[in-house]
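Engineer: So that we are looking at the same thing, I have put the structure below in structure tokens.
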Amino acid sequence: MKPELLITTNGYKETWKAIEYGAWFAEAMQVKITLLGVTESLNPAAIDDHHPLEDLFERAVQLFKAKGLIYNLEVQNGDAEGMISKRANSGDFITVVSPLGRPQFRRWLVGRSIRHFMETIANPILYVPEARLPLNRLLICVGGLGYEVNAENLALQIVMKSQAEVTLLHIVPPFDLDYPTTRVASEHWEDLINTDTILGRNLRRAVETVEAAGLRANVEVRKGNIVEEINSVLKTGNYDLLCMGSPYGSNALRHLYAPNVTAEVAESAHCPILTARHKQI
């Protein structure tokens with residue numbers, strides 16, 4: 001059974017990017033849409049005033065009808081982060097979100113909304129800071145622990161519809177500990193895919209998965225700080241979609257001591273990011 005698409009907005013004009021990209025995604029994947037609008041801090045005295053959600057909903061309905069999509073409209077009152085997370089976890093959804101227009105002080109105080117969503121939403125998230133269409137180039141970040149597998153499989157379903165170019169990227173980070181596996185990865189990072197290491201096997205598996213989908217996989221391996229290298233590749237490669245895994249759900253303690261690379265990349269990325277939690281079988 002296919003998941004449905006939960007497209008979200010709090011009325012902020014830039015969330016139209018999530019609606020536009022979500023409509024394209026739903027058309028490509030042939031899935032149903034629920035458009036969730038959250039009204040925040042509604043003043044009872046202004047109950048008859050025109051709300052920004054009305055304009056976004058009107059434009060969205062026109063777009064959905066033009067594409068022949070099946071959709072449902074919902075409006076809820078409350079804090080957008082909390083209401084979106086609650087609705088996203090209530091069913092089998094892929095949740096589409098864009099920046100919610102939070103003031104800089106709030107972002108500094110509690111962090112960006114995407115970090116909250118990654119922590120609280122168990123299902124896949126499609127984060128859309130920019131709606132880059134059509135989809136011509138896909139970048140999949142392949143990690144050593146296989147966190148990206150669920151997101152990768154979902155991304156390939158989309159790419160098969162557009163026959164986009166696929167690049168598999170792995171970053172070999174600086175290692176603090178000198179173990180045989182880390183030594184091999186560090187010394188042979190340029191031909192990592194040919195090594196008999198977990199990293200090498202994961203890269204070969206990723207290539208096989210892409211090729212099994214009838215697509216050609218380009219492989220790029222870099223060495224250095226993971227976030228900096230991913231951002232560098234995004235900047236120079238002109239990619240239309242980034243696919244990354246999330247450590248949440250894989251190891252309950254890992255996120256307490258390891259950086260959330262996906263969230264850090266999302267905060268500076270200028271293309272959509274598809275992420276899904278790793279689930280052990």
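Engineer: In the range 27-39, what residues are of a type in the set (A, V, I, L, M) and more than 16 Å from Ala88 (Cβ to Cβ)?
Structural biologist: Ala28, Met29
Engineer: Quick one: in the range 74-114, which of the residues that are of a type in the set (Lys, Arg) and in contact (Cβ under 8 Å) with a residue 60 or more places away in the chain is surrounded by the most Cβ atoms within 10 Å (Cβ to Cβ)?
Structural biologist: Arg87
Engineer: Between a residue in the range 1-26 that is part of a helix (DSSP H, G or I) and any residue that is polar (S, T, N, Q), which pairs come within a Cβ distance under 7 Å, given they are 6 or more apart or on different chains?
Structural biologist: Hits for this filter: Glu14/Ser98; Thr15/Thr9; Thr15/Ser98; Lys17/Ser98; Ala18/Thr8; Ala18/Thr9; Ala18/Ser98; Ile19/Thr9.
Engineer: Could you look through the range 148-188, keep only residues that are of a type in the set (Ser, Thr, Tyr) and at pLDDT 60 or above, and pick out the one that is surrounded by the most Cβ atoms within 10 Å (Cβ to Cβ)?
Structural biologist: Among those that are of a type in the set (Ser, Thr, Tyr) and at pLDDT 60 or above, it is Thr167.
Engineer: Can you tell me which residue within the range 230-264, out of those that are at pLDDT 90 or above and in contact with a Pro (Cβ under 9 Å, 6 or more places away or on another chain), is farthest from Arg137 (Cα to Cα)?
Structural biologist: Only one residue fits best here, namely Leu242.
The values are calculated or read from the model by the stated rules, or taken from the named source; none is laboratory data. Note that the structure is a prediction, hence the values are computed from the model and not measured. When we count neighbours, we look across all protein chains shown, and the Cβ atoms used for this are built from the backbone with ideal geometry, even at glycine.
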